[in-house]
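Mind looking over this structure? Questions follow.
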Amino acid sequence: MPHTNPPRVIFSQMIDSRRIELYWDQEVKGAADPQHFRLSLDGHPLPLMERTDVEWNLLNVYEPIKKRSTLITREPLDFTVLGRLTIRADAAIVNRQGQHADPEVEIVINNWHYQYTQLTNCRCGIPIESSDDVKHHTWLLAADLIDTMLSSSPQVAQTMTTEGARVAIYRLHEDV
C-alpha cells in the first residue's frame, strides 16, 4: 500500500562517535546526501562528511531495504551530546509518490547504541570486538586463528597493531 504521507524519521541513534542512523517510515530518495541534512549541537551547525573519495566506512549511505540513512559527522562526538544534538532533513528527500520531507521537523538524537560491547585482544595484540550476541567461544576461535596466521610474522602483527588494525565479529543478523 503506497504511503500518502510525507516521509519522516521514526527513530534516530548514534552508533559510534561519528555515525548517526536515521530510520524512515518509508522508502525515500536523496537520504544519503549530507547536503540534504542540517545537523546541529545546541543550535550551532555541525558538518557532516561530504567527501566521496574516502574509505567505505566514512561514506554516508542509505539502505532502501532497511529504510535507514547512516550519516557520518566530520568530527567525533561523545555521549554528552545526546538530547542536544538535532537534525533536520530538507525537502530534497522524497518518497516514491514525490512527497517531500518536512524541513521544519527537528529530530532530537537521544539514543546511543554502540554495537561493540565485548572487547578482547589476541596474544599478538590485535583487538577483537563484537556485540553481546557473539558467543565467547567464537572470540577464542577467532583469536586463535589470527594468532596462528601471524605467528611466523611477528613484525606484521606489530605493524597491524601499531596501525590500529581491529577484528570485528558479527552474527548473521547484524550489520557491518
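In this structure, does Ala32 turn out to be in a loop (DSSP other than H, G, I, E, B), among the small types (Gly, Ala, Ser) and in contact with a helix residue (DSSP H, G or I) (Cβ under 8 Å, 6 or more places away or on another chain)?
So Ala32 does not fit the description; no.
For Arg88, work out the one condition from (1) in contact with a Phe, Trp or Tyr (Cβ under 8 Å, 6 or more places away or on another chain); (2) assigned to a loop (DSSP other than H, G, I, E, B); (3) under 27 Å from Asp25 (Cα atoms) it doesn't fulfil.
(2)
Which of the residues that make up segment 12-35 are free of Cβ contacts under 8 Å to residues at least 60 places away in the same chain and open to solvent by 30 Å² or more (accessible area, probe 1.4 Å)?
Arg18, Arg19, Tyr23, Asp25, Ala32, Asp33, Gln35
When you scan segment 59-97, how many residues do you find that are buried (at least 17 other Cβ atoms within 10 Å of the Cβ) and free of Cβ contacts under 8 Å to residues at least 12 places away in the same chain?
Count: 0.
Can you find even one residue in segment 98-114 that is open to solvent by 80 Å² or more (accessible area, probe 1.4 Å) and farther than 30 Å from Pro45 by Cβ?
Within segment 98-114, none of the residues are open to solvent by 80 Å² or more (accessible area, probe 1.4 Å) and farther than 30 Å from Pro45 by Cβ.
Mind listing whichever residues of segment 128-176 are open to solvent by less than 80 Å² (accessible area, probe 1.4 Å), in a loop (DSSP other than H, G, I, E, B) and not hydroxyl-bearing (Ser, Thr, Tyr)?
Asp133, Val134, Gly164, Ala165, Glu174, Asp175, listed by residue number.
Has segment 145-165 got at least one residue that is within 30 Å of Asp33 (Cα to Cα) and within 17 Å of the chain's Cα centre (by Cα)?
No, there is no match, as no residue in segment 145-165 is within 30 Å of Asp33 (Cα to Cα) and within 17 Å of the chain's Cα centre (by Cα).
The values are calculated or read from the model by the stated rules, or taken from the named source; none is laboratory data. As the structure is a computational prediction, the values presented were derived from the model and not from experiment. Cβ coordinates were reconstructed from backbone atoms using ideal geometry, including for glycine residues, and neighbour counts include every protein chain displayed. SASA here: full protein model, heavy atoms, side chains in, ligands and nucleic acids out. Shrake-Rupley method; radii C 1.70, N 1.55, O 1.52, S 1.80 Å.
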